[in-house]
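> Can you read through this structure? Questions will come right after.
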Amino acid sequence: MSRLSSLNSPLLLGFEQFERTLDRLQKASQDGYPPYNIEQLDGSGLRITLAVAGFARDELDITVENNQLTIRGQKAEEDENRVFLHRGIASRQFQRTFVLADGIEVTDAGLDNGLLNIDLARPEPAVQVRKIDIS
């Protein structure tokens, strides 16, 4: 059975990539770990803040590939001799992805008090008008 698309209109041509991106976003939003905030900074800046308490800098990896920002966290091997009476602090590995619009660039990343801040720059789009000659 095929899935009905909200972009299944003869007036929307060339939006297949956009539809695939929406599918990818829907799958990625299922997991709530680690929690995150997205805030608007001065004018065109954005900041993504992830709560990654317990992870060191060398246990986190940030990559951007094909307009997709991926943050991965993987804890180093723990000491086998430790005995926990209660274990409530999450230390599982994670992968959180964000799809970036064209032109958005990652400008900085920092880890402070268990919060990973990733700063993004969103340039103002240039208005382009093109005249098409009728032959």
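Any read-out appearing in this document is the output of simple, stated calculations on the displayed coordinates, not a laboratory observation. Note that this is a predicted model, so its numbers are computed, not measured. Glycine also receives a Cβ, built like all others from the backbone with ideal geometry; neighbour counts cover every protein chain displayed.
> Could you check, for segment 72-83, whether at least one of its residues is part of a strand (DSSP E or B), in contact with an Asp or Glu (Cβ under 9 Å, 6 or more places away or on another chain) and surrounded by 14 or more Cβ atoms within 10 Å (Cβ to Cβ)?
Yes.
> Can you pull out the strands (runs of 3 or more DSSP E) entirely within segment 88-135 that have at least 1 residues that are free of Cβ contacts under 8 Å to residues at least 40 places away in the same chain and loosely packed, with under 10 Cβ neighbours inside 10 Å?
Ranges flagged: 105-112.
> Could you run through segment 56-66 and say how many residues are surrounded by 14 or more Cβ atoms within 10 Å (Cβ to Cβ) and of a type outside the set (A, V, I, L, M, F, W, C)?
Total satisfying the criteria: 1.
> Sticking with this structure for a sec: Give the residues of segment 99-135 that are under 12 Å from Gly45 (Cα atoms) and among the aliphatic types (A, V, I, L, M), sorted by residue number.
Passing the criteria: Ile104, Val106, Ile118, Leu120, Ala121.
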